[in-house]
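A.B. asks: Supplied in structure tokens, the structure appears directly below.
None of the figures in this text is laboratory data; all of them are computed from the coordinates on show. Note that the structure is a prediction, hence the values are computed from the model and not measured. Cβ placement follows ideal geometry from the backbone for every residue including glycine, while neighbour counts extend to all protein chains displayed.
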Amino acid sequence: MKYKLSFALLLTPLSVFATLHCPAIDTISRIGGTYLATSTEGGEWIGMLQGPIPQLADIQDFSEAFLILDSDRDKGNLIDQGNFQKCTYNLEAQDKQIDMYYKNKEWLVSISGKPHWKYHQTPLFEIYICADVAAEECTFEMLPQDSDS
């Protein structure tokens, strides 16, 4: 079944998948240490501060979005596909950040043709990072999710 899904993905234009992006700063609300935003598709982004809430807990600016490439080559993985991890924002409090997750989990996505994502290789992972742009410039295409995961 996994091979049929991979083959179907090859034949499906990316335009049929939902295009999402990290939430724009002005769309994020905060209640205590919980940060929430709604996507254009109606899904919810959520982030929760760990530890004591700093006095300056509002979001200052966007830091980065993070994607880990799917290294499982037997799944028929295409280039620029992986597991979307999070969007990270800097808070007004010095050295404090908040990570926001879409529907509070990882998602299989494609960043093919998305110019702001830069490839990096670490000793453990191959990753893409989107940084130094507005949050809404970090776009990605949500792919059909494998029902086995």
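A.B. asks: Would you please give the FRET efficiency between Ser29 and Phe125, computed as 1/(1 + (r/R0)^6) with r the Cβ-Cβ distance and R0 = 41 Å, to the nearest 0.05?
C.D. replies: 0.80
A.B. asks: Still on this structure, I have one more. Report the extension gain between Gln55 and Gln97 in nm, rounded to one decimal, defined as 0.36 nm multiplied by the number of residues separating them, less their alpha carbon distance.
C.D. replies: Length gained, Gln55 through Gln97: 13.8 nm.
A.B. asks: Do you know the relative contact order of the stretch 46-143, to the nearest whole percent, from alpha carbon pairs under 8 angstrom that are 6+ apart?
C.D. replies: Relative CO of the stretch 46-143 lands at 31 percent.
A.B. asks: Please list the non-local residues whose amide H lies under 5 Å from the amide H of Ser63, H modeled 1.01 Å from N, same-chain partners needing a gap of 5 or more.
C.D. replies: Those qualifying (amide H under 5 Å, at least 5 residues apart or on another chain) are Thr88, Tyr89, Asn90.
A.B. asks: Would you mind counting up the charge near Ile53? Only other residues with Cβ under 10 Å from its Cβ, with Lys and Arg at +1 and Asp and Glu at -1.
C.D. replies: Once positives and negatives cancel, what remains is +2.
A.B. asks: Let me ask something additional. Compute the FRET efficiency between Ser112 and Leu36 as 1/(1 + (r/R0)^6), taking r as their Cβ-Cβ distance and R0 = 22 Å, and round to the nearest 0.05.
C.D. replies: Computed FRET efficiency for Ser112 and Leu36 comes out at 0.15.
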